[in-house]
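What follows draws every value from the coordinates through simple rules; no lab data is involved. For clarity, every value in this text was computed on a predicted model and none was experimentally measured. Every residue, glycine as well, gets a Cβ built from its backbone with ideal geometry; the counts of neighbours run over all protein chains shown.
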Amino acid sequence: MEQTAALTPRPAPGAIEFNQGKIARDMLIRRIGKIGLAFNPIFAYFFLWAPILLLVLFSFNDSRTVATWRGFTLQWYANVFNNVVGTEARFSTNLMLQSFGNSIVVGIVATILATTIGTMVALSLARGNFPGKRLLDGLLFLPVVIPEITQGISLLIFFNVVLDFVNQTFGTTAQLGFGSIIIGHVAFNVSYVAIVVRARLSDMNPKLEEAARDLGANEWRTFWRVTFPLIVPGVIAGSLLAFTLSLDDFVITFFVSGVGTTTLPVFVYGLLKLSVTPEINAISTLILLLSTLLIGTAMLLLGRDAVKL
Amino acid sequence: MSQQPQIDIELRNVVKEFTGRSGEFQTRAVDHVSLTIERGEFFSLLGPSGCGKTTTLRMIAGFEAASSGEILLRGKAVQDVPPFHRPVNTVFQDYALFPHMTALQNVMFGLEMENNIPRPEIRRRAEEALEMVRMTPSQFHRKPRQFSGGQQQRIALARALVKRPAVLLLDEPLGALDLKLRKEMQYELITMQNDLGITFIYVTHDQEEALTMSDRIAVMNLGKVLQVGSPEEIYETPNSRFVADFIGETNFLMGTVESHEGICATVRLDESTPIRASYRSEEALTNGQQVTVAIRPEKINIFAAEGSVKHDDGTSDEATAYREKLLRDPDIVMVEGRVEYANYIGTDTRYTIGFGNGQKLVMREQNFGLRNDTYYEVGSRVFIFWDYETARVLTH
């Protein structure tokens with residue numbers, strides 16, 4: 001004990017001195033940092049939001065040329081629904097509504113399939129115990145990462161090979177169309193749904209499922225009474241995400257759609273090939289509105305629930 | 001009531017091995033555990049974290065399958081019975097209440113799973129169970145997150161008990177509660193267990209909790225059951241160094257057996273210090289064997305080597321006379337030492353006494369009067385003594 005006393009560090013004698021210069025400098029840096037923090041997102045988002053805002057703005061612009069503002073009008077929206085788009089004869093409201101209808105049908109069917117499969121994938125990855133599980137878990141992110149163009153081309157080749165084989169074997173005349181678009185959409189949507197639901201499942205306390213089984217529920221009832229109600233916000237969010245992605249998808253649809261099965265984004269692209277007209281601004285604004293509503297609902301569902309649990 | 005004790009749970013040589021992710025390593029979480037738990041017993045599995053107590057409980061509940069061995073529930077082997085068909089229920093450490101259901105729905109869940117109980121009865125029994133754990137009807141329709149930890153604990157208890165299980169399993173149920181609430185819940189659990197007569201198997205790492213609540217305790221370490229016995233047996237006659245060390249505070253003195261007879265062994269700590277201690281008659285000692293002597297701090301008494309000794313009854317003795325009087329009792333072991341540390345801890349003062357050739361003992365003396373009356377200065381010469389039966393010879 002005698003030795004330890006000598007080893008103990010002693011407090012410095014006298015009053016404590018502050019370096020006023022250093023304090024002033026650091027306070028200034030802090031103030032600049034605070035201003036920077038406030039402005040940073042504005043700079044970061046400028047190139048994201050400015051074009052979209054311009055698009056929306058010019059869809060109400062009373063001028064055929066895109067560059068200048070001449071006053072407010074709903075003329076272009078009226079044109080879109082009255083079968084007149086500039087001087088372009090190939091536009092027809094009918095065709096537009098038909099491709100919109102196609103988009104909705106493809107979206108709904110693909111969403112239902114992708115949500116079901118995606119949820120099942122998430123469940124097996126979160127709860128299952130089988131060899132190669134970690135590899136599969138990693139592969140889940142593949143469709144999110146690989147370029148859409150690659151996915152589109154690979155799906156096109158795949159469908160050609162399969163359709164050739166089927167047509168030759170069974171003597172049918174199956175071709176690209178709704179089926180191939182839906183399968184293509186399901187293919188990439190499964191990943192998105194699975195990722196969202198998987199996140200939800202790993203947040204869930206696995207003891208809850210044990211508690212249910214302890215209280216006499218078999219696996220089936222445990223799933224429907226405990227697991228599913230707890231992941232349902234994730235399932236809904238995942239399905240809304242899938243529906244939006246499906247509705248907006250251009251690249252993959254472009255590759256795998258057949259003659260006569262045009263979705264809305266592919267239709268709009270067809271119009272663009274000739275010229276950018278204010279009516280296209282109007283259609284794009286409407287698509288934007290629909291997508292925003294869907295994603296907004298998805299985020300609301302996810303967010304509200306994150307607070308609840 | 002039959003005199004024959006009825007066995008609720010029996011474990012026969014139960015082993016649980018966990019295999020690593022790619023199968024290259026194995027850990028034995030539970031290592032040949034055999035236990036019999038009688039009906040109506042409050043039985044605790046006590047041990048440090050990772051000792052296999054929770055795994056043992058999970059095997060009884062059915063969440064884990066034993067690698068080998070047998071688990072019998074009222075005489076029937078249950079290895080192949082899934083948890084939802086076993087008449088046991090669990091209170092989980094973190095309660096595991098269903099967050100999307102109200103308190104009442106949580107309690108009703110288990111009865112709904114039984115399929116043959118009419119709805120009004122389910123509701124009535126669930127309400128009864130909640131009332132039994134002192135929840136008020138106004139609280140029945142709240143979600144778990146609106147309750148405090150203690151209240152959630154009660155709901156979890158009601159949810160398990162409403163099933164009228166043969167055995168209730170409790171996995172460190174009070175671990176998350178603060179000290180005061182924990183003491184309250186301990187008392188409530190004991191009362192409830194007495195009233196219901198249900199067998200409780202209680203997993204805890206808190207030795208004080210186990211001593212307070214249990215009829216019997218199994219002390220576990222590294223997957224093995226080291227000792228099974230009543231709290232008194234476990235505390236007073238530990239069978240191993242680990243048990244003595246894990247339960248309460250203990251002094252360990254190392255030495256060699258010089259002679260032994262009956263239950264009394266003389267152990268030489270160093271050249272100058274032979275002491276006597278008791279040993280379990282089933283323990284086969286040999287002279288010259290290396291052993292550990294365990295003595296609890298509160299079993300040791302102290303008096304100053306000089307001056308007079310004040311007794312609790314107000315009388316006093318001259319130190320030398322008192323010493324001679326004590327030494328006439330053959331059961332007393334006494335050594336002379338020096339106070340090395342004095343540590344005031346409120347109810348007691350803890351002294352570290354140095355004696356013999358570098359030996360040390362920690363002892364505690366209750367602070368009866370004002371502290372000054374009984375205080376032994378650091379550096380002062382003292383005598384410490386104890387009954388040889390309270391010192392235990394341990395061979396492992």
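With equal scatterers on the alpha carbons only and no solvent term, can you work out the Debye log10 of I(q)/I(0) for the range A:43-82 at 0.14 1/Å? Those come out to -0.36, one per q. Stretching A:Val105 away from A:Thr172 to a fully extended chain increases their span by 21.6 nm, per 0.36 nm per residue minus the current alpha-carbon distance.
Compared with the dominant principal axis of the Cα atoms in chain B, helix B:149-161 is inclined by about 60°. Note on B:Glu377 and B:Tyr341: their simple-model spin labels are 2.2 nm apart, each label 7 Å out from Cα toward Cβ.
Toward the positive end of the charge dipole of the protein assembly as shown, with +1 on the Cβ of Lys and Arg and -1 on the Cβ of Asp and Glu, the farthest Cα among B:Gly356, B:Ala158, B:Ile300 is that of B:Ala158. Rg/Rh for the protein assembly as shown (Cα atoms only, Rh after Kirkwood) is 1.16. Note on A:Phe158 and B:Thr273: their simple-model spin labels are 7.9 nm apart, each label 7 Å out from Cα toward Cβ. Over chain B, the pair-distance histogram of Cα-Cα distances with 20 Å bins from zero comes to 23, 44, 27, 6, 0 percent, rounded to whole numbers. Note that chain A carries a Kirkwood radius of 24.3 Å, evaluated over its alpha carbons pair by pair.
For the range B:73-136, the set of trypsin sites (Lys or Arg not before Pro) satisfying both a DSSP loop assignment and a count of at most 12 other C-beta atoms within 10 Å is given as B:Arg134.
Placing dummy labels 7 Å off each Cα toward the beta-carbon, the span from A:Leu272 to B:Val81 is 6.7 nm. What the Cβ-Cβ distance of A:Val56 and A:Ile149 gives, at R0 = 25 Å and to the nearest 0.05, is a FRET efficiency of 0.35.
Taking the longest Cα principal axis of chain A as reference, the axis of helix A:278-308 is set at about 40 degrees. Each Lys and Arg contributes +1 and each Asp and Glu -1, all at the Cβ; summed about the Cα centre of the protein assembly as shown, the dipole is approximately 3140 debye. Between the range B:6-72 and the range A:191-267, the alpha-carbon centres lie 38 Å apart. Here r is the Cβ-Cβ distance between A:Lys133 and B:Ile117 and R0 is 51 Å; the resulting FRET efficiency, rounded to 0.05, is 0.80. Shown in residue order for the range B:297-306 are the 3J(HN,Hα) couplings computed by the Karplus curve 6.51 cos²θ - 1.76 cosθ + 1.60 at θ = phi - 60°: x, 7, 7, 9, 10, 9, 8, 6, 6, 10 Hz (x for Gly and Pro). Counting only other residues whose beta carbon sits under 13 Å from that of A:Thr111, what net charge do I get with K and R as +1, D and E as -1? Net local charge, A:Thr111 excluded: -2.
Each principal axis of the Cα cloud of the range A:100-231 was evaluated for its coordinate range; sorted largest first, these ranges are 56, 33, 28 Å. P(r) tail, the range A:214-309: Cα-Cα pairs separated by more than 18 Å, 63% of all pairs. Straight-distance candidates among the aspartates and glutamates for linking to B:Lys183, with alpha-carbon spacing under 15 Å and chain neighbours fewer than 8 residues away dropped: B:Glu172, B:Asp206, B:Glu208, B:Glu209.
Taking Cα atoms, how many degrees apart are the long axis of helix A:178-203 and the longest axis of chain A, rounded to 10 and kept between 0 and 90? Relative to chain A, helix A:178-203 is tipped by roughly 20 degrees. Where in chain B is the longest stretch that carries no GluC sites (Glu not before Pro) classed as loop by DSSP and with at most 13 other Cβ atoms within 10 Å? Counting at most 13 other Cβ atoms within 10 Å as exposed, the longest clean stretch of chain B is B:115-248.
With contributions of -39500 (n - 2.57) from each DSSP H run of at least four residues, the per-residue ellipticity at 222 nm computed over chain A stands at -24500 deg cm²/dmol. Cross-link check: pairs B:Lys53/B:Lys163; A:Lys207/B:Lys53; B:Lys16/B:Lys224; A:Lys133/B:Lys16; B:Lys299/B:Lys360 evaluated at a Cα-Cα cut-off of 19 Å; pairs beyond the cut-off: B:Lys53/B:Lys163; A:Lys133/B:Lys16. Taking amide H atoms as placed 1.01 Å from N in the peptide plane, the amide H of B:Val91 lies under 5 Å from those of B:Leu169, B:Leu170, B:Asp171, each 5 or more residues away in sequence or on another chain.
If R0 is taken as 51 Å, the Cβ-Cβ distance between A:Trp224 and B:Glu298 corresponds to a FRET efficiency of 0.35. Start at zero, step by 10 Å, and the Cα-Cα distances of the range B:7-236 spread as 8, 32, 35, 20, 5, 0 percent across the bins. Per residue, chain B reaches -7000 deg cm²/dmol at 222 nm when only DSSP H runs of four or more residues are counted, each adding -39500 (n - 2.57). In order along the range B:35-43, the Karplus-derived 3J(HN,Hα) couplings, from 6.51 cos²θ - 1.76 cosθ + 1.60 at θ = phi - 60°, round to 8, 10, 10, 7, 5, x, 7, 9, 10 Hz, and Gly and Pro are given as x.
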